[in-house]
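S.K.: Sharing a structure, written as structure tokens. Questions coming.
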Amino acid sequence: MPEIKFYKHENIPMEMHKVKIVQKLNLLPVKDRVKKMDEAGYNTFQLHNGDIFMDMLTDSGVNAMSDNMQSAMLRADDAYAGSETFYRMNKKLTELFEMKWFLPAHQGRACENILAIRFVKPDNVVVMNYHFTTAKAHITRLGGLVEELVIEDGLKSKSDLPFKGNIDLIRLENYLKENKDNVAFLRIEAGTNLIGGQPISYENMKEACKIAKQYNITTVLDASLLQDNIYFIKVRENSMKDKTTKEILRMIADLFDIIYFSGRKFGFARGGGILVRDEEMFHSMEDLIPMFEGFLTYGGMSVKEMEAMTVGFDESIDFDVISQAPQFIKYTVEKLDKYGVPMITPGGGLGAHIDAKEMLKHIPQEEYPAGALACAMYICGGIRGMERGTLSEERNRDGSERLASMELLRLAFPRRVFTLSQAEYVIDRVKWLYDHKELVGGLRFVHEPETLRFFTGRLEPTSNWPEKLAEAYMKEFGEDQ
Ligand code: F0G
């Protein structure tokens, strides 16, 4: 996105698209939102979308499609086997990634399941910059473990390092030297989801893969958030600024043995897949696709979505498209940071992240401050965010609580969805909540599932703080807000 210069106004992010189809929004009065939050078991995943004003839960499967993506859906070739749609998709992926072998899957976590089954044996370790919830759940389900080697700054809220998702190369080398026989693979997540959408530099990926190769370790890239990461490499990594986004993508791809992605993010539709460099490795996973996903030419995806995604891949490296969310995030993060709200800085991809541990110091981590903040945000503005903290962790093997390194509320910016006035509304309501933070209390589980408890768990507030918070909000804004 070129920076559009203003005459008598500070420059602001400009949308390089216009609205063609819209969905009506509904702002329930605050009293009703308190009731809905209670019915949802104080878990924002359990809210109904019709009761939400700003859905900032995720960027997954909710990015706006372009006219070109929608029109491509019309030529989808419905066939159980040998669909032309699959060959078009495969060709586009080969053109972009130069990896010949492709296994389609219904979404990102399905790829993680296939990779875990293929590579992870009990007590094996997957080494990574940082884990993602579903990636880790598939590894631990099979008795594996994860070793996270993100640089120290990656876990600090405030930093001016441009690539907080980098892996610590010294620790990586030492770890592999000692444990190479027990390592299933190296997994690089670009960018990192759970620590504020922070990117990893090309140079760091290159060095990490070089070390892994020295020890004969398979290298795997989680490319679900690669579009954001490519944007940051182009604007933050000096040696890469003159490369095109397509060149950057290819340079990254060349480093890895395997690349998987969620097509709900990369490709802006709904699906996923695994790209494999080596034919034998491909064949070693091929039979798992018909068993868990669907035949090898659709892998559980709708052919319409596959057609849209094929166009979406090109849009995932279109600089105009991939600049929009990071620029909106930067705008939001900088305004809130200036106000004093503890934000994860610098702004990354995916969403604006609030450090709930810092903001709600009075709530012990065992009472899920980020989960509580997510509930408070819905009550105070109808804004749905996602807890990315202790609730999103699983308990240790001995049943004790695993306190997350970071306790974040994520306000996602799905691509091309929100306008700047909507971002301003969110900024305003976060400011109000920050000024009334002492009114937010903790949560405790009423129903706690063993795996991925943040999706389906039910909680309750530790006091009647939601009602008190709503009263203060009503006093400020009136009953109908
Ligand atoms: N890897 C990363 C980095 C992700 O962000 C996600 C999904 C996945 C893998 C799994 O992909 O959802 O298609 O199965 N992240 C979503 C989110 C759920 O909201 O952050 P999936």
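The values are calculated or read from the model by the stated rules, or taken from the named source; none is laboratory data. Please read all numbers here as calculations on a predicted model, not as lab measurements. Here the Cβ positions follow ideal geometry from the backbone for every residue, glycine too, while neighbour counts run over all protein chains shown. Side chains included, ligands, DNA and RNA excluded: accessible areas come from the protein's heavy atoms. Shrake-Rupley method; radii C 1.70, N 1.55, O 1.52, S 1.80 Å.
S.K.: Could you give me the residue pairs with C-beta distances under 6 Å whose first residue belongs to segment 113-138 and is more than 20 Å from Ile211 (Cα to Cα) and within 12 Å of the ligand (Cβ to nearest atom), whose second residue is at pLDDT below 95 and part of a loop (DSSP other than H, G, I, E, B) wherever it lies, and which are 6+ apart or on separate chains?
M.R.: Once the first residue is more than 20 Å from Ile211 (Cα to Cα) and within 12 Å of the ligand (Cβ to nearest atom) and sits in segment 113-138, its partners that are at pLDDT below 95 and part of a loop (DSSP other than H, G, I, E, B) give Ala137/Thr451; Ala137/Leu452.
S.K.: Among the residues of segment 91-112, write down those that are in a helix (DSSP H, G or I) and either more than 9 Å from the ligand (Cβ to nearest atom) or over 18 Å from the mean Cα position of the chain (by Cα) (or both). Before you say what the answer is, go through the steps one by one.
M.R.: Filtering segment 91-112 down to residues in a helix (DSSP H, G or I) leaves 91-97, 108-112.
Lys91, Lys92, Leu93, Thr94, Glu95, Leu96, Phe97 - these are the residues of segment 91-112 that are in a helix (DSSP H, G or I) and either more than 9 Å from the ligand (Cβ to nearest atom) or over 18 Å from the mean Cα position of the chain (by Cα) (or both).
S.K.: Here's a follow-up. How many residues, within segment 361-401, are more than 16 Å from the ligand (Cβ to nearest atom), farther than 30 Å from Glu479 by Cα and open to solvent by less than 10 Å² (accessible area, probe 1.4 Å)?
M.R.: Here the count works out to 1.
S.K.: Residue check: is Leu255 among the aliphatic types (A, V, I, L, M) and under 30 Å from Met73 (Cβ atoms)? Reasoning before the result, please.
M.R.: Working: among the aliphatic types (A, V, I, L, M): yes; under 30 Å from Met73 (Cβ atoms): no.
In short, no.
S.K.: I'd like to check something: does segment 176-198 contain any residue that is closer than 21 Å to Ile259 by Cβ, assigned to a helix (DSSP H, G or I) and open to solvent by 10 Å² or more (accessible area, probe 1.4 Å)?
M.R.: There is no residue in segment 176-198 that is closer than 21 Å to Ile259 by Cβ, assigned to a helix (DSSP H, G or I) and open to solvent by 10 Å² or more (accessible area, probe 1.4 Å).
S.K.: Here's a follow-up. Would you be able to say whether some residue in segment 42-56 is exposed (fewer than 12 other Cβ atoms within 10 Å of the Cβ) and either assigned to a loop (DSSP other than H, G, I, E, B) or aromatic (Phe, Trp, Tyr) (or both)?
M.R.: Scanning segment 42-56, I find at least one residue that is exposed (fewer than 12 other Cβ atoms within 10 Å of the Cβ) and either assigned to a loop (DSSP other than H, G, I, E, B) or aromatic (Phe, Trp, Tyr) (or both), so the answer is yes.
S.K.: Same structure, new question: Going by what's in this entry, would Pro326 be described as within 16 Å of the ligand (Cβ to nearest atom), under 22 Å from the mean Cα position of the chain (by Cα) and not small (Gly, Ala, Ser)? Break it down into steps so the answer makes sense when it comes.
M.R.: Values: within 16 Å of the ligand (Cβ to nearest atom): yes; under 22 Å from the mean Cα position of the chain (by Cα): yes; not small (Gly, Ala, Ser): yes.
Yes.
S.K.: Being modelled with pLDDT of 95 or more, in contact with a helix residue (DSSP H, G or I) (Cβ under 6 Å, 6 or more places away or on another chain) and not polar (S, T, N, Q) is the requirement here; does Ala412 meet it?
M.R.: Taking the combined requirement at face value, the residue does not satisfy it.
S.K.: Inspect segment 115-129 for any residue being part of a helix (DSSP H, G or I) and of a type in the set (Asp, Glu) and give the result as yes or no.
M.R.: So far as segment 115-129 goes, no, none of its residues is part of a helix (DSSP H, G or I) and of a type in the set (Asp, Glu).
S.K.: Quick check on this structure: which one of Ile329, Ile363, Ile354 is of a type outside the set (S, T, N, Q), modelled with pLDDT of 95 or more and part of a helix (DSSP H, G or I)?
M.R.: Exactly one residue qualifies, and that residue is Ile329.
S.K.: Considering only residues that are within 12 Å of the ligand (Cβ to nearest atom) and among the basic types (Lys, Arg), which ones fall in segment 258-315?
M.R.: Arg264, Lys265, Arg270
S.K.: For segment 302-332, give me the residue count where each residue is open to solvent by 10 Å² or more (accessible area, probe 1.4 Å) and in contact with a strand residue (DSSP E or B) (Cβ under 8 Å, 6 or more places away or on another chain).
M.R.: 0
S.K.: If you don't mind, another one. Looking at the structure I just gave you, is Ile248 among the hydrophobic types (A, V, I, L, M, F, W, C), in a loop (DSSP other than H, G, I, E, B), in contact with a Phe, Trp or Tyr (Cβ under 8 Å, 6 or more places away or on another chain) and surrounded by fewer than 23 Cβ atoms within 10 Å (Cβ to Cβ)?
M.R.: Considered against the rule, which asks whether it is among the hydrophobic types (A, V, I, L, M, F, W, C), in a loop (DSSP other than H, G, I, E, B), in contact with a Phe, Trp or Tyr (Cβ under 8 Å, 6 or more places away or on another chain) and surrounded by fewer than 23 Cβ atoms within 10 Å (Cβ to Cβ), Ile248 comes out as no.
Each row is one residue, and each column tells you yes or no for (1) of a type in the set (A, V, I, L, M, F, W, C); (2) away from the ligand (no atom under 16 Å from the Cβ); (3) more than 26 Å from the chain's Cα centre (by Cα).
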| residue | (1), (2), (3) |
| --- | --- |
| Pro13 | no, yes, no |
| His17 | no, yes, no |
| Ile21 | yes, yes, no |
| Glu39 | no, yes, yes |
| Asp55 | no, no, no |
| Ser71 | no, yes, yes |
| Gly82 | no, yes, yes |
| Thr85 | no, yes, yes |
| Arg88 | no, yes, yes |
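S.K.: Filtering segment 67-119 down to residues that are of a type in the set (Asp, Glu) and over 24 Å from Lys246 (Cβ atoms), which residue is least open to solvent (accessible area, probe 1.4 Å)?
M.R.: Filtering segment 67-119 for residues that are of a type in the set (Asp, Glu) and over 24 Å from Lys246 (Cβ atoms), the one least open to solvent (accessible area, probe 1.4 Å) comes out as Glu112.
S.K.: Inspect all residues belonging to segment 154-164 and state whether any of them is surrounded by fewer than 20 Cβ atoms within 10 Å (Cβ to Cβ), within 11 Å of the ligand (Cβ to nearest atom) and closer than 23 Å to Glu387 by Cα.
M.R.: no
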